[in-house]
């Protein structure tokens, strides 16, 4: 008998178990994989473990930093990283920003975007899709948003739920004016959330954290160790076959082992899995869309100093280049390792033959100011689901599912917000729910 069972052992599940354990509850985690941590498990290439993209814990507030410090107390600490990223668009590189630099546009287009930004109104009272956020009076801004929805999310803006704006860079503040003017104008509350200024100029009170000269897998192992030593039981390679409410407790039948009994259940798995387990249905699957990516790992002799990552808003296939050398390890040959991300769809031409696409990639790398001739080794890794976007109608379907679950299982089965992308937003959500203190 456990006070709480957490279904799903990714970062969200691990942090949920940690918060409940800190409250003095007995907790178990049920995970179908071989280890906890999900996407935090690195890939090994050229003699080093490499994260799946820029995986440091960014945007962490002070209270949550203390939680992470406690998790790492018996291990090497997470270090603060200075902000370091860039943007490439319209053949220009901009340092210090991860969002599109609209200043690279022709003056007339830049003026139109600025005007539309300051006067924009949603087409409906409650926007259901990204397209609903734009009207005929914001045609110029929407033309760029549509382009980036298809590039980064592999979906039309008309089909994407408005929820996506909370975790996609290009929906945020706009880089339209020089930094000093932006900082001054942001003093006005109506403009603060519109214009962008460098983070070193604006006190956000947040941290970027990482185990320096290691990889996120080190944090994953440390976290797993903390949970184990704190008494959290983990059922690995276990899938839930059924759940039954019996005398105010839940009997959880595990296909690969004995049944587990818990007074409360916290569902931290993807919502499609949660629905399948609790309702034996698959209705919400059609409202979510995993984004597949090719990760091209490059061993290269860099001809310039690079930030942690560079976002690419041009029409090329590259979405982001991560420089692991900026905060992690070099290859076994002492060379820099870059990860070049290419969003795609499974069974597309580049997915089926990534090596053939590599020649295109080299042209795009050269256009970004790097020297593809300096690449000494490369390999493409196929990642079927880097994250999930949510489609039109998702919120309504999620509400229907939640009501059905409440009716069948009572209020002791908790559906943790399933569409959060960043680890900072996950910790914020768990704090709002009273799981993290």
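A short reminder: the numbers here are calculations on the coordinates, not readings from a lab. What you see is a predicted model, and the numbers here were worked out from it, not measured in a lab. Using ideal geometry, Cβ is built from the backbone for each residue, glycine included, and neighbour counts are taken over all protein chains shown.
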Q) Do the sum for the chain: with -39,500 (n - 2.57) for every DSSP H run of n ≥ 4, divided by all residues, what is the mean residue ellipticity at 222 nm, to the nearest 500 deg cm²/dmol? A) -8500 deg cm²/dmol
Q) Taking Cα pairs under 8 Å and at least six residues apart, what relative contact order does the chain come out at, in percent? A) 23 percent
Q | Cα-based shape type of the range 256-351, given that a ≥ b ≥ c are square roots of the gyration tensor eigenvalues and the cut on a/c is 1.5 | A | prolate
Q) Gap in Å between the Cα centre of the range 43-59 and the Cα centre of the range 343-364? A) 21 Å
Q: Any chance you could give the angle, 0 to 90 degrees and rounded to 10, that helix 394-409 forms with the longest Cα principal axis of the chain?
A: 10 degrees
(Q) Classify the range 1-98 from the C-alpha gyration tensor, please: rounded if a/c falls under 1.5, else prolate or oblate depending on whether a/b exceeds b/c. (A) prolate
Q | Fraction of antiparallel bridges per DSSP, the chain only, in percent to nearest 5 | A | 70 percent
Q: From the P(r) of the range 262-314, can you give the percent of Cα pairs sitting at distances over 18 Å?
A: 62 percent
Q. Most exposed first by the Cβ proxy, i.e. fewest other Cβ within 10 Å, how do 267, 362 rank?
A. 362, 267
(Q) Springs between alpha-carbon pairs under 10 angstrom, Gaussian network model over the chain: which of 373, 213, 247 fluctuates most? (A) 247
Q) So, in Å, what gap is there between the alpha-carbon centers of the range 368-437 and the range 284-337? A) 20 Å
Q | GNM top mover of 136, 69, 363 - the chain, alpha-carbon springs below 10 Å | A | 136
Q: Quick one: plug the Kirkwood hydrodynamic radius of the range 184-302 (C-alpha pairs) into Stokes-Einstein at 37 °C, 0.692 mPa s, and report D in µm²/s.
A: 163 µm²/s
Q | For the range 14-57: span of alpha carbons on each principal axis (Å, largest first) | A | 43, 24, 14
Q: List 85, 218 from most exposed to least, where exposure is judged by having the fewest other Cβ atoms within 10 Å.
A: 218, 85
Q: Rank 175, 216, 279 by mean-square fluctuation in a GNM of the chain with C-alpha springs under 10 angstrom and give only the top-ranked residue.
A: 279
Q. Helix 139-148: angle to the longest alpha-carbon principal axis of the chain, degrees 0 to 90, nearest 10?
A. 60 degrees
Q) For helix 62-71, what angle does its Cα long axis make with the longest principal axis of the chain, in degrees from 0 to 90 and rounded to 10? A) 60 degrees
Q.
Considering the Cα positions of the range 292-437, please state its Rg to one decimal place and its Dmax as a whole number of Å.
A. 20.4, 62
Q: Report the far tail of the P(r) of the chain, meaning the percent of Cα-Cα pairs longer than 30 Å.
A: 48 percent
Q) Taking only C-alpha pairs under 8 Å that are 6+ residues apart, what is the relative contact order of the range 70-193 in percent? A) 21 percent
